[in-house]
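Working notes, beginning with the structure itself.
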Amino acid sequence: MSRLALAEIVLRSDRPFRSVTGIEPWMLQLVRGFGQGLTARAVYEAARGAGQLPEGFGPDDFATLVAMMVERGYLEVDEAVLQGVD
């Protein structure tokens, strides 16, 4: 019997510059959470509550992941947040 398996997950962006980054399969749920209009904190808390984070992956690791995703153009920060407007 043949089985299909997820072999590679790659994030791609053309802005602010071309970027391609491979991610671990468990990170896919985190990335999907951002497409739902949630804050980074809400994405982390939902993943933590659902037991989707590997042991030892804490808030600092998550913040590093979010910063990398913003830096490479995979996530955009709401301008109101940058200006301190609620």
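The values are calculated or read from the model by the stated rules, or taken from the named source; none is laboratory data. None of the values given here were measured: they were computed from a predicted structure. Every residue, glycine among them, receives a Cβ derived from its backbone with ideal geometry; neighbour counts consider all protein chains shown.
Among the residues of segment 11-61 satisfying the criterion of being closer than 16 Å to Glu71 by Cβ and free of Cβ contacts under 8 Å to residues at least 12 places away in the same chain, which is surrounded by the most Cβ atoms within 10 Å (Cβ to Cβ)?
Out of the qualifying residues, it is Asp61.
What number goes with the only condition from (1) β-branched (Val, Ile, Thr); (2) crowded, with 16+ Cβ neighbours inside 10 Å; (3) under 26 Å from Ala5 (Cβ atoms) that Val66 does not pass?
(3)
The rows are residues; the columns are (1) within 20 Å of Asp14 (Cα to Cα); (2) at pLDDT 95 or above; (3) of a type in the set (Phe, Trp, Tyr).
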{"position": "Gln29", "(1), (2), (3)": "no, no, no"}
{"position": "Gly33", "(1), (2), (3)": "no, no, no"}
{"position": "Ala40", "(1), (2), (3)": "no, no, no"}
{"position": "Ala46", "(1), (2), (3)": "no, no, no"}
{"position": "Glu71", "(1), (2), (3)": "yes, no, no"}
{"position": "Tyr74", "(1), (2), (3)": "yes, no, yes"}
{"position": "Asp78", "(1), (2), (3)": "yes, no, no"}
{"position": "Gln83", "(1), (2), (3)": "no, no, no"}
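Find the helices (runs of 4 or more DSSP H) located wholly in the chain whose residues include 3 or more that are among the acidic types (Asp, Glu), and list them.
Where helices (runs of 4 or more DSSP H) fall fully within the chain and carry at least 3 residues being among the acidic types (Asp, Glu), they are 59-71.
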